[in-house]
Amino acid sequence: MSNTGLRVGGRLLGGLLTVAAGAALVWGAVALPDADAVGSEGSAGLVVDPVAVGQQRVCPGPLMRLGDQNGQNATALSSFGSPSTVTSDGASTSALQTVDVASTGGSSASAVQASADAPLLAAVQSQVAAEQDQTGLAVASCSESVASSWLVGGATDTGRTTLLLLANPSGVESIVNVSLYNDTGLVQASGLTDLVVAPRSQRVLSLAGFAPGASAVAAHVESRGGLVVPTLQPSVVRGLEPGGTDFISATQSPSTDQLIPGLRVTTADLAAARARVGGSTDTATALRVLVPGDADATVSIGVTADAPGAVGNTYDAEVKAGTVKDIPLTGLGDGTYTVSVQSDVPIATSARAAAVAAPIPGSEAAEQQISYEVIDGGTLDASVVAGQRIDLAWFVAAPQLGDQVAFAVADAPEPLLTVTAANGQPASVRLIGQNGSELSLEVSAGSTASLVLTPRQVYRVEGASGTVAAMSYAGTGELASTPLRPASALASPVTIFR
């Protein structure tokens, strides 16, 4: 049969046709082009504007830990604190039930809903941890539920905890399968398939229960029924010192070309000095690569600063099939970078950086007596002292944007927008704030530019087609990042052919 069927360009035709009780819909009454004319010159098909569908995003909610604030009940999950959330004007928020997690802050994961007549929706949450077992800044862009997500980041070896959050904002049950990878290969463990996530709820798993002792992990999350929003929450404790936390959203699906915009390095020398200490090697800036297929990957990496005419660094690496590997990005000074990754087989990627700051004077942490081991046999750098404030941030590969998109700026320090012209064309990007402010950013072809923004603001962006972009945030001992994502296509016009 030639050219027969319904083609919707890969988009969900939500709310396209509604049949009232007692009414009849006669498909034959709709005038469609002849099947043999599909794809021929002059045959444009039937363009349909779907009934508007209200957009939805999911925020992961407060930070979590294994055990309570006193270190008891080590296998039980509990949340603490309450994140600050910024949303588009007119959006409504409803709580999701977080299953089997004790809350001490009174907040939870949430679904953010736009009204049906709002063409764009944006939301972001932020939280600062200052606990005995967790410190640092964690920012999450509230995301749309999808059937398939790739998450790259975290670890489960000594002092490292990585939680997988599975949020189902829909009114139907979700069935989830998780493919978990570590530095030795695909993890074979029971309990990762046919996971049930109840409607309007969030379920949390500790990856240490499936892949203990892993220095690097990554996951592929697939759902059916109700679609989910998965998020990783890694945290680090080095001996008696808390060493950073974050939220990691989905990165781009595996491909041979990946772009990570906005890798922000703020304390290069301090982080490098700390990385020479045993148990702190993850403070070094690195690229994480997952090779989900059956063939080894030859990877070429280019790192370029957001300055005109900047000379970039290049790196090459081999990564075994089915494994996760961290590749050090040595020699990067303080600055903001775009990481370009090419591979001969499909890969998924993210980058990691650390912010390191001096301890708070007079704090209990600063008074600890800690003996540090220098792993390269050299002399301990004088900057490495007890009570250093350390935070880790993960930067994911970002998708290309359309001409218009909206994003929210978190309530977090020094927000910086970084835009890379990814399609070989220059971009003239215009930002319109909800408060009426306007900003512009010129990005030449193949280059990167950054712009300082205002916290707790929502922007509509025009002229972003063909670019990739991310927000980053940096304070004293704090670092975080979120990608910009395209607007939902649910209410976009579609063309139907018979």
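Being part of a loop (DSSP other than H, G, I, E, B) and modelled with pLDDT of 95 or more is the filter here, so list the residues in the stretch 467-498 that pass it. Show your work before the answer.
Step one: list which residues in the stretch 467-498 are part of a loop (DSSP other than H, G, I, E, B), which gives 476-477, 484-493, 497-498.
Residues satisfying the conditions are T476, G477, L484, R485.
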Exercise. Look through G213, G185 and report the one residue that is touching a Gly at 6+ places or on another chain (Cβ under 8 Å), more than 27 Å from L416 (Cα to Cα), at pLDDT 95 or above and of a type outside the set (D, E, K, R).
Key: G185
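Okay, residues lined up against (1) touching a residue at least 40 places away in the same chain (Cβ under 8 Å); (2) touching a helix residue (DSSP H, G or I) at 6+ places or on another chain (Cβ under 9 Å); (3) part of a strand (DSSP E or B); (4) more than 22 Å from M64 (Cα to Cα):
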position	(1), (2), (3), (4)
T156	yes, yes, no, no
V176	yes, no, yes, no
S179	yes, no, yes, yes
V196	no, no, yes, no
Quiz item: How many of the residues making up the stretch 429-467 are touching a Leu at 6+ places or on another chain (Cβ under 6 Å), surrounded by 20 or more Cβ atoms within 10 Å (Cβ to Cβ) and more than 20 Å from L137 (Cβ to Cβ)?
Solution: 8
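Listed here are the residues, each with its yes/no results for (1) under 24 Å from P415 (Cβ atoms); (2) touching a strand residue (DSSP E or B) at 6+ places or on another chain (Cβ under 7 Å); (3) small (G, A, S).
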| position | (1), (2), (3) |
| --- | --- |
| A118 | yes, no, yes |
| V124 | yes, yes, no |
| Q127 | yes, yes, no |
| V196 | no, yes, no |
Exercise. Looking only at the stretch 416-428, count how many residues are surrounded by fewer than 24 Cβ atoms within 10 Å (Cβ to Cβ) and either within 23 Å of R456 (Cα to Cα) or touching a Cys at 6+ places or on another chain (Cβ under 6 Å) (or both).
Key: 1
Practice problem: Inspect the stretch 99-109 for any residue being closer than 27 Å to A474 by Cα, modelled with pLDDT of 95 or more and under 24 Å from the mean Cα position of the chain (by Cα) and give the result as yes or no. | Solution: no
Practice problem: Search the stretch 113-141 for residues that are at pLDDT below 90 and pair each with any residue that is assigned to a strand (DSSP E or B) and aliphatic (A, V, I, L, M) when their beta-carbon atoms are under 7 Å apart and the residues are at least 6 apart or on different chains. | Solution: D133/V237
Quiz item: With V299, V291, V277 as the choices, which residue is among the hydrophobic types (A, V, I, L, M, F, W, C), touching a Gly at 6+ places or on another chain (Cβ under 7 Å) and in contact (Cβ under 8 Å) with a residue 24 or more places away in the chain?
Solution: V291
Practice problem: Starting from the stretch 209-226, keep only residues that are free of Cβ contacts under 8 Å to residues at least 60 places away in the same chain, then list their pairs with residues that are aliphatic (A, V, I, L, M) and assigned to a strand (DSSP E or B) whose Cβ atoms are within a distance under 7 Å, requiring at least 6 positions of separation or different chains. | Solution: F210/L180; A211/L180; A211/V217; G225/I175
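Just checking, which of D269, D246, D294 is within 20 Å of the chain's Cα centre (by Cα), modelled with pLDDT of 95 or more and among the acidic types (D, E)?
Details: D269 fails: within 20 Å of the chain's Cα centre (by Cα); D294 fails: within 20 Å of the chain's Cα centre (by Cα).
Criteria check complete, one pass: D246.
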Practice problem: Report, by residue number, each residue of the stretch 321-369 that is at pLDDT 95 or above and hydroxyl-bearing (S, T, Y). | Solution: T323, T330, T336, Y337, T338, S340, S343, T349, S350
Self-check item: Residues of the stretch 157-185 that turn out to be surrounded by fewer than 22 Cβ atoms within 10 Å (Cβ to Cβ), within 14 Å of A211 (Cα to Cα) and of a type in the set (V, I, T), as a count
Solution: 2
Quiz item: Of all strands (runs of 3 or more DSSP E) completely enclosed by the stretch 216-319, which ones contain at least 3 residues that are surrounded by fewer than 23 Cβ atoms within 10 Å (Cβ to Cβ)?
Solution: 217-225, 255-265, 297-305, 313-319
Quiz item: When both residues are 6+ apart or on different chains and their Cβ atoms are under 6 Å apart, which pairs have a first residue that lies in the stretch 249-267 and is under 14 Å from A449 (Cα atoms), and a second that is assigned to a loop (DSSP other than H, G, I, E, B)?
Solution: I260/A397; P261/A398
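The values are calculated or read from the model by the stated rules, or taken from the named source; none is laboratory data. What you are looking at is a predicted structure, and each value in this text was computed from that prediction instead of being measured. All Cβ positions, even for glycine, are placed from backbone atoms using ideal geometry, and neighbour counts span all protein chains on display.
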